[in-house]
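The structure appears right after this line, and notes come after that.
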Amino acid sequence: MIDAETAGVIVMLIGFYGMLTKENLIKQGLAINVVSIGLVLFFVGTGYVEGANFAIAPNENMVDPLPSTLMLTTLVVDVAITSLALALILRMGREEI
């Protein structure tokens, strides 16, 4: 079974492939979103510690909460940026007609 860092890199590479090969702007925008999800998966995987406890009950073996916190913020920003990008793409499509 692969770990989260490897899965994140694979998902990022799939997104980069979509960005480079697709000509449709909507598909390119969604490929950028896939790259972002892969990046989030990679960073959340870096904060994981096998057999560690949550940071709520501190002890010597804890999972680092900082990557998860930062990536939660990143996901919220990604949703806003993706919706703005799709709205701009649709607006561009309407003006071409």
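The values are calculated or read from the model by the stated rules, or taken from the named source; none is laboratory data. Since the structure is predicted, the reported quantities are computational estimates derived from the model, not experimental observations. FYI the Cβ positions are ideal-geometry reconstructions off the backbone, even for glycines, and counts take in every protein chain you see.
Restricting the first member to segment 59-88 and to residues that are within 23 Å of Gly47 (Cα to Cα), and the second to residues that are among the hydroxyl-bearing types (Ser, Thr, Tyr) and outside any helix (DSSP H, G or I), the beta-carbon pairs closer than 8 Å and six or more apart or on different chains are Val63/Tyr48. Just so you know, in segment 58-82 the residues that are assigned to a loop (DSSP other than H, G, I, E, B) and among the polar types (S, T, N, Q) include one that is farthest from Ile10 (Cα to Cα), and it is Asn59. Selection of segment 1-28 for residues being part of a loop (DSSP other than H, G, I, E, B) and over 18 Å from Ala85 (Cβ atoms) yields Met1, Ile2, Asp3. Just one of the listed residues (Ala85, Ala55, Ala31) is touching a strand residue (DSSP E or B) at 6+ places or on another chain (Cβ under 7 Å) and either among the small types (Gly, Ala, Ser) or in a helix (DSSP H, G or I) (or both), namely Ala55. Sub-7 Å Cβ pairs linking a first residue in segment 26-42 that is in contact (Cβ under 8 Å) with a residue 60 or more places away in the chain to a second residue that is among the β-branched types (Val, Ile, Thr), at least 6 apart or interchain, are Ile26/Ile89; Gly29/Thr82; Gly29/Ile89, ordered by first then second residue. Out of (1) polar (S, T, N, Q); (2) modelled with pLDDT under 85; (3) exposed (fewer than 12 other Cβ atoms within 10 Å of the Cβ), what's the single condition that is false for Thr73? Just one mismatch for Thr73, condition (2).
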